[in-house]
Amino acid sequence: MTAAPSRRAFLRGRFEAPAVMRPIGALAESAFLEACTGCDDCVRACPEAILVKGDGGYPHVDLSDNGCTFCNDCIDACDTGALIPDSPWPWTVAVAETCLSNKGVECRTCQDHCDSRAIRFRPALGGQVRMDLDASLCTGCGFCVAPCPVNAISLIQSTPTEASRC
Ligand code: SF4
Ligand code: SF4
Ligand code: SF4
């Protein structure tokens, strides 16, 4: 098992998402693939429409338009035990160097979409404003991902699992 990336690495976006992002509550990847029938009940149940059918017919999360409210509707819809309540959600936010605040351009779009107040901007040397991400407040909801105008935000695994690479 790999060590969890450091917070500095998170902020610099040096760790790319290593695995398929399954719906919340998903069993460890091998068990999930065994239990999931690809029935799509979870996909249809998601009110945010962030679940899509992926490789092999298995569902995964697509944050290109929306985020997860952790409503559990997908878990409730799953009759096979592939998704179970109260499982840890091993995803947290990572910000790439392309973030506009690294280039002296003021942009607070991600902050505007973060209800958890995990993203703040603070004055830095040279009169710049730099992003200050508090990973401890990040729920991994993904609502900050789609609005970023330069696609600088992604979710990475905060606790590595045996999930396979996408
Ligand atoms: S918890 Fe709710 S919003 Fe999140 S993927 Fe499941 S159904 Fe969709
Ligand atoms: S509802 Fe359960 S079994 Fe059906 S596709 Fe979703 S995770 Fe797989
Ligand atoms: S993933 Fe959610 S909680 Fe984390 S920084 Fe983005 S909007 Fe905030």
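In summary, Leu125 fulfils each of the numbered conditions (1) in contact with a Phe, Trp or Tyr (Cβ under 9 Å, 6 or more places away or on another chain); (2) open to solvent by 60 Å² or more (accessible area, probe 1.4 Å); (3) of a type in the set (A, V, I, L, M, F, W, C) with the single exception of condition (1).
Taking segment 52-81 as the range and being of a type outside the set (Ser, Thr, Tyr), surrounded by fewer than 18 Cβ atoms within 10 Å (Cβ to Cβ) and assigned to a loop (DSSP other than H, G, I, E, B) as the test, the residues that pass are Gly54, Asp62, Asp65, Phe70, Cys71, Asn72, Asp79, Gly81. Out of Ala49, Ala45, Ala26, Ala124, report the one residue that is within 12 Å of ligand 2 (Cβ to nearest atom), without any contact (Cβ under 8 Å) to a residue 40 or more places away in the chain and either of a type in the set (A, V, I, L, M, F, W, C) or within 16 Å of Leu155 (Cα to Cα) (or both). Of Ala49, Ala45, Ala26, Ala124, the one residue that is within 12 Å of ligand 2 (Cβ to nearest atom), without any contact (Cβ under 8 Å) to a residue 40 or more places away in the chain and either of a type in the set (A, V, I, L, M, F, W, C) or within 16 Å of Leu155 (Cα to Cα) (or both) is Ala45.
Mind listing whichever residues of segment 138-166 are modelled with pLDDT under 95, outside any strand (DSSP E or B) and out of contact with any Leu (no Cβ under 9 Å at 6 or more places or on another chain)? Across segment 138-166, the qualifying residues are Ser158, Thr159, Pro160, Thr161, Glu162, Ala163, Arg165, Cys166.
Among the residues making up segment 96-111, a single one is of a type in the set (Gly, Ala, Ser) and either on the phi > 0 side of the Ramachandran plot or open to solvent by 50 Å² or more (accessible area, probe 1.4 Å) (or both): Gly104.
When segment 82-95 is limited to residues that are open to solvent by less than 30 Å² (accessible area, probe 1.4 Å) and outside any strand (DSSP E or B), the one that is nearest to ligand 3 (Cβ to nearest atom) turns out to be Pro90. Those residues that are surrounded by fewer than 15 Cβ atoms within 10 Å (Cβ to Cβ) and within 11 Å of ligand 1 (Cβ to nearest atom), I need them from segment 29-49; list them, please. Within segment 29-49, Arg44, Pro47, Ala49 meet the criteria. When the residues of segment 63-95 are filtered to those that are at pLDDT below 95 and more than 11 Å from the chain's Cα centre (by Cα), which remaining residue is farthest from ligand 1 (Cβ to nearest atom)? Per the stated criteria, the residue is Val95.
The values are calculated or read from the model by the stated rules, or taken from the named source; none is laboratory data. The model shown is predicted, which means the values in this text are computed figures rather than measured ones. Neighbour counts are summed over all protein chains in view; Cβ atoms, including those assigned to glycine, are modelled from backbone coordinates with ideal geometry. Heavy atoms of the whole protein, side chains included, go into the accessibility calculation; ligands, DNA and RNA do not. Shrake-Rupley method; radii C 1.70, N 1.55, O 1.52, S 1.80 Å.
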